[in-house]
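S.K.: Submitted below is the structure of interest, expressed as structure tokens.
The values are calculated or read from the model by the stated rules, or taken from the named source; none is laboratory data. Everything numeric here is computed off the predicted structure, so don't read it as measured data. When we count neighbours, we look across all protein chains shown, and the Cβ atoms used for this are built from the backbone with ideal geometry, even at glycine. These accessible areas exclude ligands, DNA and RNA; they are computed on the full protein's heavy atoms, side chains included. Shrake-Rupley method; radii C 1.70, N 1.55, O 1.52, S 1.80 Å.
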Amino acid sequence: MEIERVSLELGNRCDKACWFCYAGSDPSGETRWTVDSALAFVRDCAANGVRAVSFGGGEPLQWPGLFELLRATASVPVGEGRVRLFRSFTTNGLLLDRHFDELVAAAPDKVHVSIHVNERAEVERVIEAVVRLSDAGVRSGVNLLVRRSKLEAAQATVGRLAEAGIGRDRVVFLPMRGMDSPSAAEVARVAGTAPNEPFMSMSCLAACAISPRFCAVSWDWTVGWCSYTRERRPLGAPSYAALREALYDLGLRFCGGSVEDPTVRLIGLRTRSPS
């Protein structure tokens, strides 16, 4: 199975410094990625069939080369076909006003704005950002963090988003990991879906498992089957071949449960022949 989607975490600098951040982000931050190395990696991945790259962090708007990278990848083809690489990024939105015109000119295919706390001011700030992006012709949506201890607040946020014209089809429901993790049924309840009705979430919502079509590459050039797992391996070079090499026989370390009583299991998947 070929890899179709790559999450590329450009750095772990972020002024929000959320305590639960999988990248351990803080206002100083670090990265090994330059525009040149990230561009070489993205182009090589696309040439080998990767159809979508999502840029994350940390906060991508605090990585100085984001817009240059978006502009340079605007017309990158996938393989030898006519399909163009899909480029998106996730932001906390705090710097959108400062960079709005430059962002629109860079023409990302989609921007996800995150809601990590369900306070009214925060929700309204994100709604304003998402609507403004949409009005400017940039496809946009919300990444909503769902915590087991805050289910009712998350449900209220979904209602407010709907009132603002941001329907469930534009919301990704992200379950808290590490601790305070909701069940799949609880996330579905927050989404307000009927039984068996689909909504957008992480592929691991129902069970921890490797998706052979997706992987995550961190700011420190380590590779994992998702952004949360601590089972990682170094990326030897910014190339698709090095990515496949790093993923070969790599396990997946379950990130659910609680900090005090972690549940760990390892799942392996071979992604190329050992020769």
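S.K.: Give the residue that is most open to solvent (accessible area, probe 1.4 Å), with candidates limited to residues of region 8-48 that are in a loop (DSSP other than H, G, I, E, B) and aliphatic (A, V, I, L, M).
M.R.: That would be 17.
S.K.: Looking only at region 171-206, how many residues end up being under 18 Å from residue 252 (Cα atoms) and among the basic types (Lys, Arg)?
M.R.: Here the count works out to 1.
S.K.: Return yes or no: is residue 93 outside any strand (DSSP E or B) and within 14 Å of residue 12 (Cα to Cα)?
M.R.: no
S.K.: Moving to a separate point now. Is it true that residue 70 is farther than 20 Å from residue 219 by Cα, in a helix (DSSP H, G or I) and open to solvent by less than 10 Å² (accessible area, probe 1.4 Å)?
M.R.: Considered against the rule, which asks whether it is farther than 20 Å from residue 219 by Cα, in a helix (DSSP H, G or I) and open to solvent by less than 10 Å² (accessible area, probe 1.4 Å), residue 70 comes out as no.
S.K.: From the residues in region 223-253 that are assigned to a loop (DSSP other than H, G, I, E, B) and aromatic (Phe, Trp, Tyr), which one is least open to solvent (accessible area, probe 1.4 Å)?
M.R.: Looking at residues that are assigned to a loop (DSSP other than H, G, I, E, B) and aromatic (Phe, Trp, Tyr), I get 225.
S.K.: I would also like to ask the following. Would you pick out the residues in region 180-213 that are assigned to a helix (DSSP H, G or I) and surrounded by 13 or more Cβ atoms within 10 Å (Cβ to Cβ)?
M.R.: 184, 186, 187, 188, 189, 190, 191
S.K.: Sort out which residues of region 73-90 are in a strand (DSSP E or B) and more than 15 Å from residue 139 (Cβ to Cβ), and write them in order of number.
M.R.: Result: 77, single match.
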